[in-house]
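Remarks on the structure that follows.
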């Protein structure tokens, strides 16, 4: 069957809704519907289809309206009649046709919903989907998780705006109180020194920059005197006000943060964008270079289900070379691994620097310059990336028995149960899942909800990993930190939180890192198995050169959906 269009018209022939599944102009569509009205008025009322030239009209009355399918004459009329019945039942069900009366304005107001029904039943090209009325009703009533998240974000923005308004009102009241302490007068020099408006200072500086040297010196002296007098007179009131509005100190309470009117308000105001970015600081490796320093860097992007199953996993890495001695500038690295079968595995993507001999790397695992005799590595003690790799893993190929697939460093499982209306008990279990990693540091778990009524509490009975809530802010939500987890140990975080529904607790963002900078350990390996076996002088091919290896692992994006 091939459906050209689906329409709803009145019995007088006025079109209300029409959906074309082929390239049909508006004028052509109006012409077809007009022809249908003429044919119906002349034909028998007992029929449910009419043919005209190459066009077939299949129709069904609905109160004072017609539901019409326009097809070609080669279409299967039996299937077309079933499609028409499905459309009729779906529209009746959606319009709540219980009172037996449908108005033209009701159809017009719900025209886009009716078009959606047409699109669910017939796909682009005019072919029918194998659906039932109940399935169509389910699809139409399906709620959007993204829409819910957007509503939560908008609500949080409103809360943040109200908090900012209250904070500014308190600031104005504080300044008014301090002004009254000086007998209702402004601070000495407040118009100059106390002003936060840069335009005031720029105007004064511009004015006195064109004055005489004596006037300029007088202006500078007066500014210094006013500054000293201002600091002396307001030092006590400022200290008192600072002590009064200090707010909550997170370091004093590790497991309970009460969303009270004063405490939570100050807590939110402290969560500025700078603090949010500083929640998980970037770790830089500062290691003394004894001649040749090789750094194996890797970063992870992963998506897990709430049950801990892997959905997507991307591993990126690089081998950086840093030389600070010209005697070692002709270095040549021999990799112990990855073995040649991984190098030939096309699911892994290895890229060498344009100056590196790619053929020697792919065939022998050797990293050296193309022209060994004329070129040398720069000995300026700056890191240079000479090799990069990338591996994408999905849930499909992760289930295969492939030993070349690196295991995810950290496994995370979540357990959520609703204790009361909008009150959820959340448990997060995590442990190291890779034999090559001995520990992970600075683990952060960010739950994207902002509690407003219920205290956020960590269950200390199961908190053997030393988890603590570091911040609760409008930008991210609840931020929980675990300083370190060792291989072979399991971490458990349990807390009770307020949320509108369970999906609002997700996605949970996870970050962690691990740096192995112990130079006494020579045999260091990346997650995919890259390690340096030896470093020799490429000119003679035999002289061994001293070198050190460090490894770095971090997360780019690690989420539990």
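The values are calculated or read from the model by the stated rules, or taken from the named source; none is laboratory data. What you see is a predicted model, and the numbers here were worked out from it, not measured in a lab. When we count neighbours, we look across all protein chains shown, and the Cβ atoms used for this are built from the backbone with ideal geometry, even at glycine.
Being in a loop (DSSP other than H, G, I, E, B), more than 23 Å from residue 148 (Cα to Cα) and in contact with a strand residue (DSSP E or B) (Cβ under 8 Å, 6 or more places away or on another chain): is that true of residue 408 here? Don't jump to the end; show me each part of the working.
Working: in a loop (DSSP other than H, G, I, E, B): yes; more than 23 Å from residue 148 (Cα to Cα): yes; in contact with a strand residue (DSSP E or B) (Cβ under 8 Å, 6 or more places away or on another chain): yes.
When the stated conditions are applied, residue 408 passes them.
Among the residues of region 378-396 satisfying the criterion of being in a loop (DSSP other than H, G, I, E, B) and free of Cβ contacts under 8 Å to residues at least 60 places away in the same chain, which is nearest to residue 326 (Cα to Cα)? Before you say what the answer is, go through the steps one by one.
Filtering region 378-396 down to residues in a loop (DSSP other than H, G, I, E, B) leaves 378-383.
Next cut, free of Cβ contacts under 8 Å to residues at least 60 places away in the same chain only: 378-380.
Working: 378: 8, 379: 5, 380: 9 Å.
Out of the qualifying residues, it is 379.
Against the definition (modelled with pLDDT of 70 or more, buried (at least 17 other Cβ atoms within 10 Å of the Cβ), in a helix (DSSP H, G or I) and in contact with a helix residue (DSSP H, G or I) (Cβ under 9 Å, 6 or more places away or on another chain)), how does residue 350 come out, yes or no? Step through it out loud before you land on a result.
On the way: modelled with pLDDT of 70 or more: yes; buried (at least 17 other Cβ atoms within 10 Å of the Cβ): yes; in a helix (DSSP H, G or I): no; in contact with a helix residue (DSSP H, G or I) (Cβ under 9 Å, 6 or more places away or on another chain): yes.
Spelling it out, it is not the case that residue 350 is modelled with pLDDT of 70 or more, buried (at least 17 other Cβ atoms within 10 Å of the Cβ), in a helix (DSSP H, G or I) and in contact with a helix residue (DSSP H, G or I) (Cβ under 9 Å, 6 or more places away or on another chain).
Which number in (1) assigned to a loop (DSSP other than H, G, I, E, B); (2) buried (at least 19 other Cβ atoms within 10 Å of the Cβ); (3) at pLDDT 85 or above marks the one condition that residue 528 misses?
Only one criterion in (1) assigned to a loop (DSSP other than H, G, I, E, B); (2) buried (at least 19 other Cβ atoms within 10 Å of the Cβ); (3) at pLDDT 85 or above is unmet by residue 528, namely (3).
Output the number of the condition that residue 112 fails; it satisfies all remaining conditions of (1) touching a residue at least 12 places away in the same chain (Cβ under 8 Å); (2) assigned to a helix (DSSP H, G or I); (3) out of contact with any strand residue (DSSP E or B) (no Cβ under 7 Å at 6 or more places or on another chain).
Result: residue 112 fails condition (1) only.
Mind telling me which of the residues 131, 69, 81 ends up being farther than 17 Å from residue 18 by Cβ, at pLDDT 85 or above and surrounded by 13 or more Cβ atoms within 10 Å (Cβ to Cβ)?
On the way: 131 fails: at pLDDT 85 or above; 69 fails: farther than 17 Å from residue 18 by Cβ.
Answer to the check: 81.
With modelled with pLDDT of 80 or more, over 30 Å from residue 505 (Cβ atoms), in contact with a helix residue (DSSP H, G or I) (Cβ under 9 Å, 6 or more places away or on another chain) and surrounded by 15 or more Cβ atoms within 10 Å (Cβ to Cβ) as the only criterion, which of 102, 152, 114, 136 stands out? Explain how you work it out, then say what you get.
Values: 102 fails: modelled with pLDDT of 80 or more; 152 fails: over 30 Å from residue 505 (Cβ atoms); 136 fails: modelled with pLDDT of 80 or more.
The unique qualifying residue is 114.
Quick grid of which residues meet (1) part of a strand (DSSP E or B); (2) touching a strand residue (DSSP E or B) at 6+ places or on another chain (Cβ under 7 Å); (3) modelled with pLDDT of 90 or more:
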{"residue": "472", "(1), (2), (3)": "yes, yes, no"}
{"residue": "510", "(1), (2), (3)": "yes, yes, yes"}
{"residue": "515", "(1), (2), (3)": "yes, yes, no"}
{"residue": "539", "(1), (2), (3)": "no, no, no"}
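Just one of the numbered conditions (1) out of contact with any helix residue (DSSP H, G or I) (no Cβ under 7 Å at 6 or more places or on another chain); (2) surrounded by 14 or more Cβ atoms within 10 Å (Cβ to Cβ); (3) more than 23 Å from residue 61 (Cβ to Cβ); (4) at pLDDT below 85 is not true of residue 177; which one?
Among (1) out of contact with any helix residue (DSSP H, G or I) (no Cβ under 7 Å at 6 or more places or on another chain); (2) surrounded by 14 or more Cβ atoms within 10 Å (Cβ to Cβ); (3) more than 23 Å from residue 61 (Cβ to Cβ); (4) at pLDDT below 85, the lone unmet condition for residue 177 is (2).
Any residue at all in region 369-377 that's part of a strand (DSSP E or B), modelled with pLDDT of 85 or more and more than 30 Å from residue 557 (Cα to Cα)?
Narrowing region 369-377 to residues part of a strand (DSSP E or B): 369.
After this cut, where a residue has to be modelled with pLDDT of 85 or more as well, the list is 369.
Now narrow it down to the ones that are more than 30 Å from residue 557 (Cα to Cα): 369.
Yes, the conditions are met somewhere in region 369-377.
Within the group 305, 279, which residue is modelled with pLDDT under 90, within 34 Å of the chain's Cα centre (by Cα) and closer than 30 Å to residue 505 by Cβ?
On the way: 305 fails: modelled with pLDDT under 90.
Residue meeting the stated conditions: 279.
Taking residue 90 as meeting all but one of (1) in a helix (DSSP H, G or I); (2) over 17 Å from residue 120 (Cα atoms); (3) in contact with a helix residue (DSSP H, G or I) (Cβ under 9 Å, 6 or more places away or on another chain), write down the number of the exception.
Single failed check for residue 90: (2).
Identify, from the list 491, 477, the residue that is under 21 Å from residue 303 (Cβ atoms), crowded, with 18+ Cβ neighbours inside 10 Å and free of Cβ contacts under 8 Å to residues at least 40 places away in the same chain. Reasoning before the result, please.
Details: 491 fails: free of Cβ contacts under 8 Å to residues at least 40 places away in the same chain.
477 is the lone residue from the list that is under 21 Å from residue 303 (Cβ atoms), crowded, with 18+ Cβ neighbours inside 10 Å and free of Cβ contacts under 8 Å to residues at least 40 places away in the same chain.
List every residue pair whose Cβ atoms lie under 7 Å apart, where the two residues are 6 or more positions apart in sequence or sit on different chains, the first residue falls within region 10-28 and is touching a residue at least 60 places away in the same chain (Cβ under 8 Å), and the second residue, located anywhere, is buried (at least 18 other Cβ atoms within 10 Å of the Cβ) and assigned to a loop (DSSP other than H, G, I, E, B).
Sorted first by the residue in region 10-28, then by its partner, the pairs are 21/126; 22/126.
Could you name every one of the strands (runs of 3 or more DSSP E) located completely within region 39-81 that has at least 2 residues being within 21 Å of residue 130 (Cβ to Cβ)?
Those strands (runs of 3 or more DSSP E) span 55-62, 65-72.
Given the criterion closer than 16 Å to residue 560 by Cα and surrounded by 17 or more Cβ atoms within 10 Å (Cβ to Cβ), identify the matching residue among 458, 408, 450, 440.
Values: 458 fails: closer than 16 Å to residue 560 by Cα; 450 fails: closer than 16 Å to residue 560 by Cα; 440 fails: closer than 16 Å to residue 560 by Cα.
Criteria check complete, one pass: 408.
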